[in-house]
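The values are calculated or read from the model by the stated rules, or taken from the named source; none is laboratory data. None of these values were measured; they are calculated from a predicted model. Reconstructed Cβ throughout: ideal geometry from the backbone, glycine too, with neighbour counts over all protein chains shown.
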Amino acid sequence: MSLRVAVVGSGPAGSSTAEVLAKAGIETYLFERKLDNAKPCGGAIPLCMVSEFELPPDIIDRQVRKMKMISPSNREVDINLVNQDEYIGMCRREVLDGYLRNRAAKLGANLINATVNKLDIPTDKTQPYTIHYIDHSEGAAKGVAKTLKVDLIVGADGANSRIAKEIDAGDYNYAIAFQERIRLPQEMMGYYEDLAEMYVGDDVSTDFYAWVFPKYDHVAVGTGTMQVHKASIKQLQAGIRARAAKKLVGGKIIKVEAHPIPEHPRPRRVVGRVALVGDAAGYVTKSSGEGIYFAAKSGRMCAETIVEISNGGTRIPTEAELKLYLKRWDKKYGLTYKVLDILQRVFYRSDATREAFVEMCDDLDVQRLTFDSYLYKTVVPANPITQMKITAKTIGSLIRGNALAP
C-alpha cells in the first residue's frame, strides 16, 4: 500500500511537514485556505532556523544585531550582538510562508487552495478519513464542495484549528497579538536599520510585552495580551504608540492585524491517526511569545516520525506509534516551555518586576546566555561561577525593585 497524508494549513508548521513527507515519496496533500495570508506576527526568527531550514537571504528583511529593552519607567538597556556573524532575522510572514509552501509543492506535495470544514472519522483503525473541503482554486465565487480520503492527517491550521475541533483535542487559553504595520519616512527608518525594541509595562501589556520590529520598508508596532477585550487591546496599542511616538513621527499605517496566540499545548495533540503541530498544538513559548521556529520544527519532527513508523509510507501507523512524535517533542523542548512559563510568571506580573527584569538584562552574562538559547535553541549551561553570579544579580534586581513582595 501507499500511505496518503493530508496536511491542513501551510504556515511554517504545515509546509515543513509536507516538505519532509514529499521528499520521502509519501503521497501528500497540502491544504491552504488563503494563499496570500499574512499572519499578524512580530516575524522574528532565530539564526539557527536560517541554516536548519535552508532559508535564502532574500527571505530576511533585516538582520537585527541590536535590541533595546525599555522598562515601565523608560529605562533603556541596549543588548548588542558582539559576533558579526550572528543576528535575529526579521521577516514578513507572507514572504516566509509563501517560500516554504512553494518549496514543499516543488518537492511533490499536492497544494490545494481550499477551506477544510469537516472530517468523517472512521471507526476502524485501517479505514480512511474523509476530508470535506471547499475548493477555491477553480474560480467559483463560493468554491466547489469536494472530498478526499486519506490515511493520516496533520493539523497545522493555527490557533483556531478546525482539525483540533474535529478530533476534540481540547481547548487552551490564548492571548491576542495586535499590530500595526507603519511605513516611516526614510530618515526615520534609518534608526531601525538593525535595531528592534521591546517595551514592558502595564500601559503596553499587562502580561506580555510590546514591540517595534523593523521590516523591509516599514516597522511592525504591536502588543501581546491575554486581555482579549477589544477596548483593552486598543488601549494597550495606544500605550505602545505613545511610548514610541517620537520615533514614529510621519509614519503611515499600511496594515492593521490581530491574531490569537495559544498560551499552552492542547490537552490532546494526537488522536487516532491525526496529529497536531505548530499553533494548532499550542507550541508558542511563554515570556518570549516565539512560535515560528517551534512551528516549523514540530512539523519537521512529526513528519520524520511518520516517515519512520510507516516504513517510508508502506504501512498505516497506529495512534500509539504516532505518539512517538509527542514523546520526542516533549523530551527535547518540554523543559524550555516550563522555564519560560516560570520567567513570565515571575517577571511580567507587575511594573516592579518588569523594572527588575530590564535591569537584569543589562548584565553581559545574562545577555550571552539569553542570546545563545534564543539564536541556537540550545541552552548552553553557564559555568557554576557565572550561574551563581546570574542568580545573585536576579535576586538583587528583584529586591531593589521591591518585586519580591507577594
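Return yes when residue 332 is over 20 Å from residue 51 (Cβ atoms), modelled with pLDDT of 70 or more, loosely packed, with under 15 Cβ neighbours inside 10 Å and not assigned by TED's automatic domain parsing to the domain that holds residue 291 and no when it is not. Here the answer is no, as residue 332 does not meet what is asked.
Considering 13, 6, which residue is part of a helix (DSSP H, G or I) and among the small types (Gly, Ala, Ser)? Only one candidate passes the filter, namely 13.
Beta carbons closer than 7 Å, at least 6 apart along the sequence or on distinct chains, pair a first residue in segment 144-166 that is under 19 Å from residue 269 (Cβ atoms) and part of a loop (DSSP other than H, G, I, E, B) with a second that is among the hydroxyl-bearing types (Ser, Thr, Tyr) and modelled with pLDDT of 95 or more for 156/17.
Sub-9 Å Cβ pairs linking a first residue in segment 1-25 that is free of Cβ contacts under 8 Å to residues at least 40 places away in the same chain and not assigned by TED's automatic domain parsing to the domain that holds residue 270 to a second residue that is assigned to a loop (DSSP other than H, G, I, E, B) and surrounded by 24 or more Cβ atoms within 10 Å (Cβ to Cβ), at least 6 apart or interchain, number zero. Residue selection: residue 79 fails the criterion of being in contact with a helix residue (DSSP H, G or I) (Cβ under 8 Å, 6 or more places away or on another chain), modelled with pLDDT of 90 or more and not assigned by TED's automatic domain parsing to the domain that holds residue 299. On inspection, residue 204 qualifies as under 30 Å from residue 82 (Cβ atoms) and modelled with pLDDT of 95 or more. A Cβ distance below 6 Å, combined with a sequence gap of six or more or placement on separate chains, defines the contacts here; from segment 237-261, residues that are over 15 Å from residue 213 (Cβ atoms) reach residues that are of a type in the set (Asp, Glu) in the pairs 239/203; 253/180; 256/180. Looking across segment 221-240, the residues that are more than 19 Å from the chain's Cα centre (by Cα), within 25 Å of residue 185 (Cα to Cα) and buried (at least 19 other Cβ atoms within 10 Å of the Cβ) come down to 236, 237, 240. Elements of the type strands (runs of 3 or more DSSP E) sitting completely within segment 208-281 and holding at least 3 residues that are farther than 11 Å from residue 180 by Cβ and among the hydrophobic types (A, V, I, L, M, F, W, C): these cover 274-276. Is there a residue in segment 95-102 that is buried (at least 16 other Cβ atoms within 10 Å of the Cβ), within 19 Å of residue 307 (Cβ to Cβ) and among the aliphatic types (A, V, I, L, M)? Yes. Can you tell me which condition residue 14 does not meet? The list is (1) surrounded by fewer than 24 Cβ atoms within 10 Å (Cβ to Cβ); (2) at pLDDT 95 or above; (3) within 18 Å of the chain's Cα centre (by Cα), and all the others hold. Tallying (1) surrounded by fewer than 24 Cβ atoms within 10 Å (Cβ to Cβ); (2) at pLDDT 95 or above; (3) within 18 Å of the chain's Cα centre (by Cα), residue 14 fails exactly one: (1). For segment 265-308, the tally of residues that are at pLDDT below 95, surrounded by fewer than 22 Cβ atoms within 10 Å (Cβ to Cβ) and at positive phi stands at 2.
Of note, residue 353 satisfies the criterion of being hydroxyl-bearing (Ser, Thr, Tyr), farther than 24 Å from residue 49 by Cα, assigned to a helix (DSSP H, G or I) and over 19 Å from the mean Cα position of the chain (by Cα). Annotation note: of 37, 83, the sole residue that is surrounded by 15 or more Cβ atoms within 10 Å (Cβ to Cβ), in a loop (DSSP other than H, G, I, E, B) and out of contact with any Ser or Thr (no Cβ under 8 Å at 6 or more places or on another chain) is 37.
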